[in-house]
Amino acid sequence: MDASEEPVPPVIYTMENKPIVTCAGDQNLFTSIYPTLSQQLPREPMEWRRSYGRAPKMIHLESNFVQFKEELLPKEGNKALLTFPFLHIYWTECCDTEVYKATVKDDLTKWQNVLKAHSSVDWLIVVVENDAKKKNKTNILPRTSIVDKIRNDFCNKQSDRCVVLSDPLKDSSRTQESWNAFLTKLRTLLLMSFTKNLGKFEDDMRTLREKRTEPGWSFCDYFMVQEELAFVFEMLQQFEDALVQYDELDALFSQYVVNFGAGDGANWLTFFCQPVKSWNGLILRKPIDMEKRGLIQRQEATLLDLRSYLFSRQCTLLLFLQRPWEVAQRALELLHSCVQELKLLEVSVPPGALDCWVFLSCLEVLQRIEGCCDRAQIDSNIAHTVGLWSYATEKLKSLGYLCGLVSEQGPNSEDLNRTVDLLAGLGAERPETANTAQSPYKKLKEALSSVEAFEKHYLDLSHATIEMYTSIGRIRSAKFVGKDLAEFYMRKKSPQKAEIYLQGALKNYLAEGWALPITHTRKQLAECQKHLGQIENYLQTSSLLASDQHLTENEREYFCREILSFANRQADSPGHKIVLPMHSFAQLRDLRFTPPNAVVHVGGVLSVEVTVCSQMPVPVLAEQIAVSVHFSVEKDSYRKTAEWLAKHKTANGVVSFPAETSPFPTSQNSLPALELCEVFERSPSDSSLHTTGIICKNVHMLLRKQESGASLEAPSGAALEAGAHMLKRTAVTLEPGPNAITFRTQAKEPGTYTLRQLCASVGPVWFVLPHIYPLVQYDVYSQEPQLHVEPLADSLLAGIPQKVKFTVTTGHYTVKNGDSLQLSNVEAMLILCHEENRAVIYSNMRAPATGGESTMLGMTEPHGKHKDTQKAGHCMATMDHKVSIDCPWSIYSTVISLTFSMPFRTTHSLLSSGTRKYVQVCVQNLSELDFQLSDSHLVDTGDSTDLRLIPLNTESEQRIHSKQAVFFVWELKWTREPPPSLHCRFSIGFSPASEERLSVPLKPYTYEFQVDNFLTLYTVRAEISPPPGTELCKTGSLCSLEVSVTRLSDLSEVDKDEALTECDDYFSTKLMYEVVDNSSNWAVCGKSSGVISMPVAARATHRVHMEVMPLFAGYLPLPDVRLFKYLPHHSAHSSQLDADSWIENDSLSVDKHVDDQLDSGSVQSRGSTRSVASSEHKGLPMPRLRALPPGQAFNASAGTQVLVIPSQDDHVLEVSVT
Amino acid sequence: MALQRWRSETSLDGFRGSLPVPLRLQELECWETASMMRPGGGHVLGWGPAQKNYPLYIRSVPTENELKFHYMVHTSLDVVDEKISAMGKALVDQRELYLGLLYPTEDYKVYGYVTNSKVKFVMVVDSSNTALRDNEIRSMFRKLHNSYTDVMCNPFYNPGDRIQSRAFDGMVTSMMIPVC
């Protein structure tokens, strides 16, 4: 065996590595078998049962067959696994015992000894049997074969260590069988060797790892050891297991770094803390980066070197495992953790170096992945790679900023120096990428070379990233990258390009309600718009920012002043209006109408108090604040009715507006609540319900597109409505916070006015609230002019001047100068006009405007022709007077009826004293007023000169108080025979007691009446005399009552009635007397009444004697003696009588008549006597009675009393005290 | 514990939302015990149907770099959405609410959690704080969820309003402030 022939195979760290199997013995034999062997060995998988409970694996074995040399056997302590021979095979073709004994046995022994010396137990002896050879020597070894001999000599108890391969180069079934058995054996042994040797290796490795707390322990050494294991696994195609080795190393290292950060530093770790001098990124194109591996082996690697190497190995294995996306994910983690670890270990890193490293690494990883995947795969896995793109973009950006490539004027010398330093750290480009046009190295170098190149690369990257994010639906991330891009553009002074990105991002933040990002982006947008000269947009953004609570007071003021200064600047050149939405400037809080029901009459004044909450941080002078009003003509009058008002108007006239939710959750909570109302439609013909439904009144608010939240940013949304109707205020200073602004308007046309827009102008800047919602309306209505006349007091009294109020409700009519009301009145009513009396215009806000006109209404003739039908009781008699008024607004006269009440009620009565006659007039004041009465007169209207009325009244003036009565008495005197009836007129002047002298003469109150039969015809005299023998009357004892009726005059006109009987020129009349004691003082004994025939002649006297008995003691009034005319029953009037009267006509009815005498007199103001008489006319079929008129019978003994003493045997004394 | 489970399973039904919570854990005193940490952090709780990701609650300690965290949490919602839709296909029955690491950045780790009603919690943790591993994060989310459930149980709380509960605040503070 010539060792020099086969030099020690160098360890080639490529995928071509295979477990080494040495071959000893017959080299020619092996060479002939080798092709088949190497082909057949991996064909069948073999189950590899593993130690430590690891899952068994099916494994395809391959081997690198090398010639056996002693040097190949590892020496004690050599941990190399890759070069470790896992199996030693001895090949022999010997079939001759002699040959065996001569050479093969010795060779085998030598081989065995060498193996034993290295304590290698993994060997196999293969005896190849060849039929051709065998046949030749069949006889030589008939019974015992060479195989048996070998087994006997070498394989004590391990007979399986010697296998026979029969006719390996033939194509026979036996050959096949033999091959199969051999390969199985070979595989089994190989696996046994793997298990044993790897197990041993792992044990050693673990032991080494456990020593990591010892001072001299080196991570790099350990790394090499474990990597060896990884290599073997890789060699065995067990990439998973290989990856585990690297992951363990990774974790171990990470843990050390973390522990270091926590103060538990390992010595060896300080080595990794050396300053970063090279940042040339990951190298993933070679399976093994020998350069870096060498550094680690020599313990010269920096942290980045170690990490780079580790990751490149992991990457390689992952790619073998077809897991490119995990590479991307792990790469991102790695890059982040490297940055963190460098920070943690406080490794000094030149500025930008890490950015370069990360950038290069990102691109390297991406290119590596792209290199092993097709386009479709990449496109469908963007989610995994986009992070790297984004990271690279970010890093390139920061490099650009660092090297002054983003500024407008380009890099300065300092920047250039820094760039040179950074490029130096990249070193030279690696050979494997030198020919690639797009290598990360070239890209970075180019990007850092010039401003333009940087821009190109940065934009490329950014756009690619944004596109990728967008394509996988990571909109937010895309917007965020876009914002960086916008920042870049702003730096490059191309705001027009920045705007779209800022707008996009802002829209996104607004839609999702992220306040701080909104504010920040808006600030950027404001700057952008300022540069772009988008005045409207800028002003709007400024207004939003000025009201933004998330900014500092200073910033807010700055933006507010931006608006104000713009407004001032433009004040000189009017005309151009800039319309901005109001909500950022000020918010409408509530609105208050006066009058509260928001209904005014045409011409009335309506005021609207609007509370506006200014969002500006400083007071702002608004030149004009206006509410534009939409006018619609009233269609139905229903809206004016009280019912409608009650239903629809808030009681206090306040309309509150929902506080606009500050930019915060714009999407969710700002949605207004559903406003529903029911609708019923009835068919016009039979008013049956044919449609009903529910209407959502604020559909336009609810169904707004969600995205439209962003339209708030677009100033075009608010169009200034130029309506004819505006409520305006000028020069209003809006303080921060709530401001009350009052608008006044005079209602003009009737209809409904809807407040539509609120706008405030600051210079040319108009802040407009495009829709006032909820709907706010006020109504103006019109009314026909109306005239009302009403007394100032409760009621009008006849006869005295009183004031009445003329109320003219002008309605739609406008009162012109010189307009007058023409009053046409009846004569009985005077209208008194004071010169100074003028119409006064009252404007009443509640009621429609009214013009009030007060006029003195004249008195009416108190006597008038008032109705006879008097109401019973104490009601005043009334009468109506009509006034016709011509109004200027109408061609028709208005007729108004005024009702006057009589203040007095007057009654009269005739009083007699023997034959002397008196007339008494009673004036009763029914009104509430006191009156002064004067000049009372009673005249006889029958102008009988011989009749005189002598007043007995002493005072000429008298006051009559309310609800009181005054009596006047006249004595009636006559010289000749007076007429049977007397017509009198009572008149009295009166004036209200409270008022001072009136300018107008007042007409006196008159009262006419008639007195009939006032001459006394009979005198009735009654006398009670005590029983004879006694001086005084005694109770219980009969006394005599003498009644004498005396005729005072001869036959006169009044006597001529049915009761008069004539007999030979001798006239007599029938009278009935009756003694009645209503007070029950007397008991009349015997007949108390009787009919007498009274001669009609003067001084004719009739006496009646009766017995009465006093029932009480004391001064007793005499019993009444009544006198009636007794009319015969065959009266001519009998036919007129009816049954009702007949019943009444008994003595009681007579009594009643007597009792009611006064009443009937008072009720019947004139002709009372007659009416009494007339009632008597109602005769009976039987004799009738008629009371004598009060004037005709005079009771001479009226009022006389008789002393009655109590009888002695009275035991009971009854005293009545009244 | 049974009670908590009952709550999280029943009371949150009936609304869907997003509730991101960033929690930034700033300084590390000692890495071995979680109780020694001095976390700083920020919280975002968002509510609303899946497409309405506005914050219900945001807290960030310290506050000086708040904006950055807002951006970060907002951006992380992309991944939350992605994970939720992926989960919808695969893990409907498993009820794994913890979404794990949404994405790492250089300096922070962003974790996500989503309730059955799609309220999202997002937590941003300082990358250098290695004391907070998956299990700690998981239990923090569970605590947040429980506290959030309590907020929801408050009859005076309108689902969708910003969370102003003092109890919730206190719980978040206790998570973000050193426990030592």
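Scanning region A:354-376 for residues that are closer than 17 Å to A:E467 by Cα and out of contact with any helix residue (DSSP H, G or I) (no Cβ under 6 Å at 6 or more places or on another chain) yields A:R375, A:A376.
If you check A:Y246 against the conditions, is it out of contact with any strand residue (DSSP E or B) (no Cβ under 6 Å at 6 or more places or on another chain) and within 14 Å of chain B (Cβ to nearest Cβ)? Answer is no for this residue.
If a residue has to be within 12 Å of another protein chain (Cβ to nearest Cβ) and assigned to a helix (DSSP H, G or I) to count, how many in region A:338-365 make the cut? Number of matching residues: 10.
Reported count of residues in region A:979-1012, each being in contact with a Ser or Thr (Cβ under 6 Å, 6 or more places away or on another chain), at pLDDT below 80 and either at positive phi or charged (D, E, K, R) (or both), is 1. Of the strands (runs of 3 or more DSSP E) lying entirely inside region A:645-700, those containing at least 1 residues that are at pLDDT 75 or above, away from chain B (no Cβ under 14 Å) and over 18 Å from the mean Cα position of the chain (by Cα) are A:676-682, A:689-696.
Taking region A:286-298 as the range and being surrounded by fewer than 18 Cβ atoms within 10 Å (Cβ to Cβ) and among the charged types (D, E, K, R) as the test, the residues that pass are A:K286, A:E291, A:R298. Number of residues in region B:138-166 that are within 16 Å of the chain's Cα centre (by Cα) and away from every other protein chain (no Cβ under 14 Å): the value is 16. Scanning region A:527-563 for residues that are crowded, with 21+ Cβ neighbours inside 10 Å and either over 27 Å from the mean Cα position of the chain (by Cα) or among the β-branched types (V, I, T) (or both) turns up A:C528, A:Q529, A:N537, A:Y538, A:L539, A:T541, A:S542, A:R556, A:F559, A:C560, A:I563.
If only one of A:Y256, A:Y222 is touching a Gly at 6+ places or on another chain (Cβ under 9 Å) and surrounded by 15 or more Cβ atoms within 10 Å (Cβ to Cβ), which one is it? Before you say what the answer is, go through the steps one by one.
On the way: A:Y222 fails: touching a Gly at 6+ places or on another chain (Cβ under 9 Å).
Unique residue meeting the criteria: A:Y256.
Residues in region A:406-425 include none that are within 14 Å of another protein chain (Cβ to nearest Cβ), touching a helix residue (DSSP H, G or I) at 6+ places or on another chain (Cβ under 9 Å), more than 24 Å from A:D484 (Cβ to Cβ) and surrounded by fewer than 17 Cβ atoms within 10 Å (Cβ to Cβ).
Within region A:314-337, the residues that satisfy the criterion of being under 23 Å from A:E394 (Cβ atoms) and either within 14 Å of chain B (Cβ to nearest Cβ) or surrounded by fewer than 20 Cβ atoms within 10 Å (Cβ to Cβ) (or both) are A:W325, A:E326, A:A328, A:Q329, A:R330, A:A331, A:L332, A:E333, A:L334, A:L335, A:H336, A:S337. Screening A:K805 with (1) at pLDDT below 70; (2) closer than 27 Å to A:T899 by Cβ; (3) of a type in the set (K, R) gives one miss only, at (1).
Can you find even one residue in region A:201-223 that is part of a helix (DSSP H, G or I) and among the small types (G, A, S)? Let's see the steps before the verdict.
Taking region A:201-223 first, the residues part of a helix (DSSP H, G or I) are A:201-213, A:219-223.
Restricting the remaining residues to those that are among the small types (G, A, S) gives none.
No.
In this structure, A:F990 does not qualify as within 30 Å of A:P1119 (Cβ to Cβ), aromatic (F, W, Y) and more than 60 Å from the chain's Cα centre (by Cα). For beta carbons closer than 6 Å, sequence separation of 6+ or different chains, a first residue in region B:46-63 that is within 15 Å of B:L77 (Cα to Cα) and assigned to a strand (DSSP E or B) and a second that is among the hydroxyl-bearing types (S, T, Y) and at pLDDT below 75, the qualifying pairs are B:G46/B:S18. Note on region A:37-63: among residues that are out of contact with any Ser or Thr (no Cβ under 8 Å at 6 or more places or on another chain) and of a type in the set (K, R), the one that is nearest to A:L191 (Cα to Cα) is A:K57.
If you go through region B:92-137 and keep only what is away from chain A (no Cβ under 13 Å), of a type outside the set (D, E, K, R) and outside any loop (DSSP other than H, G, I, E, B), you end up with B:Y98, B:L99, B:Y111, B:G112, B:Y113, B:V114, B:F121, B:M123, B:V124, B:N135, B:I137.
When the residues of region A:464-483 are filtered to those that are in contact (Cβ under 8 Å) with a residue 60 or more places away in the chain and among the hydroxyl-bearing types (S, T, Y), which remaining residue is surrounded by the fewest Cβ atoms within 10 Å (Cβ to Cβ)?
Here is the first cut: in region A:464-483, the residues in contact (Cβ under 8 Å) with a residue 60 or more places away in the chain are A:464-465, A:468-469, A:471-472, A:474, A:477, A:481.
Right, trim to among the hydroxyl-bearing types (S, T, Y) and you get A:465, A:469, A:471, A:477.
Details: A:T465: 25, A:Y469: 26, A:S471: 13, A:S477: 25.
The selected residue is A:S471.
Scan region A:974-989 residue by residue and report those that are surrounded by 15 or more Cβ atoms within 10 Å (Cβ to Cβ) and either touching a Gly at 6+ places or on another chain (Cβ under 9 Å) or of a type in the set (D, E) (or both). The answer is A:P979, A:S981, A:L982, A:H983, A:C984.
Checked against (1) closer than 27 Å to A:P35 by Cα; (2) at pLDDT below 75, A:E76 passes all but a single condition, namely (1).
Considering region A:935-958, the residues that are in contact with an Asp or Glu (Cβ under 8 Å, 6 or more places away or on another chain) and surrounded by 15 or more Cβ atoms within 10 Å (Cβ to Cβ) include one that is farthest from A:A798 (Cα to Cα), namely A:L947.
The values are calculated or read from the model by the stated rules, or taken from the named source; none is laboratory data. These figures come from a predicted structure and were not determined experimentally. When we count neighbours, we look across all protein chains shown, and the Cβ atoms used for this are built from the backbone with ideal geometry, even at glycine.
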